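The structure under discussion appears below in the form of C-alpha cells.
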Amino acid sequence: MLLFGASCSTPQACEDDACMEAEAVRGCIGFLAPEPDGTCVARAWPPEQRHAFASVGADDVEVSVDGLGRGLVTWKRRHPDPAQSLSALAEQTSTGWSMHTLGAPSNGSGARATVATLGLEAWVSWTQHRTNESGDDESTVHLLRRDETGQWVSPDVGEQISALPKAYEPRPVLSPNGEGLIVWNQWRQDGGYGVALARRGPGGPLTLPHAPSDVISPQVFFSNAPQLAVANNGDAIITWYQATPPPGSTSADPVSDGLRLFVSERTGADGHFSKPAIEDWLSPPGPPLASHEVRNPVVAIGDFGEALVLWSQEHPSGAVGLYAASRTGKREWTTPVDIDDTFGPLRDFATCIDVAISPTGEAHVAWFDGLPGATRVYAAHRDDAGAWDVPRTRPLSTPGRPAQDPRLAVGPDGEVALVWTEQGTDGRWRVMGRRRGPNTVNWSIPAELSLPEEGDAVGPTIAIGPDGTLVAAWTAGSLGAQTVSVSILP
C-alpha cells in the first residue's frame, strides 16, 4: 500500500518526509523503505550510523560504496614530517573497518586519493611527491587494486603507473562491462603536461601509455584537472582544461591566450578516444576558465551516452559564471553560443561544481556562488524528458549562512542526495544534507549531518551504492588537527 494525501505538486521544500512518501508512485524505492504492513516510510535522515577515524591532519576526503553496501573512504593526511604525510584508506568490512596507509614513505608525501568501485572490485589511486637526489621535484601516480572477489592484488604501496619525472591528479573509473580506466596529468617528454590514459579491458591486463608523450590532449602548454565518465553502452568522455595559444599563432614559442575546455570522446567500448587539436575547444571565446584543483570542468554520462559537461569561466563583467555543454545519445553537442550564454543567472563567483545523471535519466547539478561571506549552494534538475526545472537554478542552502563545497550522489532508483558545508550564527561550520526521490519535484528540508561536538565540519563528500546504501564523509575539528567522520544510511 502506498501513502498519498500530501500535496507535492510545486517545487518547494517538504516540512517533513510526507512528500517523499506521497510521491512513492512506483513503490518503496529511493529513500523509502517498506513497513511490515506494506506502507512506504522515509529512511532515517540524518543517518544514525556514525564512525570516526582518528587520523589527525586529514583533508581531501573521497568516498565510494561497493556492491555489498560497504564504504571505502580515502583522504590525505597532513603532517609536519613529509614522510608521514601519506594518503589513507578506510575499508569497511563485515567485522568493522580496515585501515590502509597508501604508498611507501620513500616515494614521498601523499596527495588526494580517489576511489572507484564496481561490485567488490575497487581501484584506489593517489599521487606522491618528493625531491630526488639531484634536488628536483618528482611526482608519481600509484594505483591499488582490489579484484572482483574482494581481494587486494597488490600491497598498500600500489603500482606506479605514471612515468617520471612528474604526474598528478589521477581519476579512476570502473564500468559495468568489466573495463577499468584511469586518467592523470603526465609530464611530456617535450615539456608541459598532457592527459594520460591507462586501460584494463574485461579480463585483461592493465595497459599503460607507451611513453610520457602518449597523451590524448594537444601537446601544447599544460593540461589540468582531467575527469572521466563511462556509459553502460561503452561510450566515454574525458574532459580537462588547457592553456591555448592566440588564435592563428604560428610562433614556435607562443604566449598563452587563456585556459579552455577540451573534450575527448570514445564511441562504444571498442572505440578509441579522440585526440582534439589545440583549436578544438568547447568553451566560448573570451576570458579563460576559472582554474580549480579538482572539479572544473566536471562531466557525467548517462546509460546511453547522453552527457553533461559543466565548468566555471571568467566573464567580461568581472564575475565568474557557470557554463554547460550537453550531448545527446546520438552524440550531438550543444555548447554555449557566447560568453553571455551562462547556465542560469550570472551571479558573482560560481565554483566547486558537481554533476550526476541518474539511472532514470534525470540530471542534477550543484555548485556554490556568491561573494565571500555570502555564498549559497545552488542546484538544478533536468527531468528524464530533457526539460530543466523552472526556474532552472534554485538555492538549497540555509538563507543567511555562508555555504560552500556541495557534492552530489545518485542512487540505483534515481534518488539523489546533496551535502555541503555552511557556517551557522555560532561561527561553527557544519555539514548539511538534503535528498530527493526519483522523478519528483521536491527536496527534503536541510538536515544537519555533523554533530556539534565535532567542531568545524568541512569538505563533505557522498556516494550511494548499488543497494541504496548512502555513505557521507567529511573532516572535523580545528585546522591542522582534523579527523574523518563518516555517516551511513543503510
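The values are calculated or read from the model by the stated rules, or taken from the named source; none is laboratory data. Just so we're clear, the structure is a prediction, and the values are computed from it rather than from any experiment. Neighbour counts are summed over all protein chains in view; Cβ atoms, including those assigned to glycine, are modelled from backbone coordinates with ideal geometry.
Do we find that GLY135 is outside any strand (DSSP E or B), modelled with pLDDT of 95 or more and not acidic (Asp, Glu) in this structure? The answer is no for GLY135.
Considering (1) crowded, with 24+ Cβ neighbours inside 10 Å; (2) more than 23 Å from HIS51 (Cβ to Cβ), the lone condition that TRP474 does not fulfil carries the number (2). Taking the stretch 284-396 as the region of interest, the strands (runs of 3 or more DSSP E) fully inside it that hold 1 or more residues being within 21 Å of ILE238 (Cα to Cα) are 298-301, 307-314, 320-327, 351-357, 363-369. Of the set (1) at pLDDT below 95; (2) under 23 Å from the mean Cα position of the chain (by Cα), all apply to VAL365 but (1). Applying the set (1) surrounded by fewer than 16 Cβ atoms within 10 Å (Cβ to Cβ); (2) out of contact with any helix residue (DSSP H, G or I) (no Cβ under 9 Å at 6 or more places or on another chain) to PRO46 leaves exactly one unmet item: (1). Only residues that are of a type outside the set (Gly, Ala, Ser), surrounded by 13 or more Cβ atoms within 10 Å (Cβ to Cβ), more than 21 Å from the chain's Cα centre (by Cα) and outside any strand (DSSP E or B) were counted in the stretch 234-273, giving 5.
Okay, residues lined up against (1) in contact with a Pro (Cβ under 7 Å, 6 or more places away or on another chain); (2) among the acidic types (Asp, Glu); (3) modelled with pLDDT of 95 or more:
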residue: GLY27; (1), (2), (3): no, no, no
residue: GLU35; (1), (2), (3): no, yes, no
residue: CYS40; (1), (2), (3): yes, no, no
residue: GLU48; (1), (2), (3): no, yes, no
residue: GLY57; (1), (2), (3): no, no, no
residue: SER64; (1), (2), (3): no, no, yes
residue: GLY67; (1), (2), (3): yes, no, yes
residue: VAL73; (1), (2), (3): no, no, yes
residue: PRO82; (1), (2), (3): no, no, no
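Of the residues screened, ILE278 is not one that is touching a strand residue (DSSP E or B) at 6+ places or on another chain (Cβ under 9 Å) and either among the charged types (D, E, K, R) or part of a strand (DSSP E or B) (or both). Condition (residue is in contact with a Gly (Cβ under 6 Å, 6 or more places away or on another chain), buried (at least 22 other Cβ atoms within 10 Å of the Cβ) and small (Gly, Ala, Ser)) applied to the stretch 207-218: is it met by at least one residue? Scanning the stretch 207-218 turns up at least one residue that is in contact with a Gly (Cβ under 6 Å, 6 or more places away or on another chain), buried (at least 22 other Cβ atoms within 10 Å of the Cβ) and small (Gly, Ala, Ser).
For the stretch 281-332, name all the residues that are modelled with pLDDT of 95 or more, closer than 23 Å to THR244 by Cβ and among the acidic types (Asp, Glu). Answer for the stretch 281-332, where residues must be modelled with pLDDT of 95 or more, closer than 23 Å to THR244 by Cβ and among the acidic types (Asp, Glu): just GLU314. Reported count of residues in the stretch 145-196, each being touching a residue at least 12 places away in the same chain (Cβ under 8 Å), in a loop (DSSP other than H, G, I, E, B) and of a type outside the set (D, E, K, R), is 15. Checked against the criterion of being closer than 26 Å to ALA463 by Cβ and over 25 Å from the mean Cα position of the chain (by Cα), the candidates SER125, SER94, SER85 yield just one match: SER94. Of the residues in the stretch 446-465, at least one is out of contact with any Cys (no Cβ under 6 Å at 6 or more places or on another chain), surrounded by 21 or more Cβ atoms within 10 Å (Cβ to Cβ), of a type in the set (S, T, N, Q) and part of a strand (DSSP E or B).
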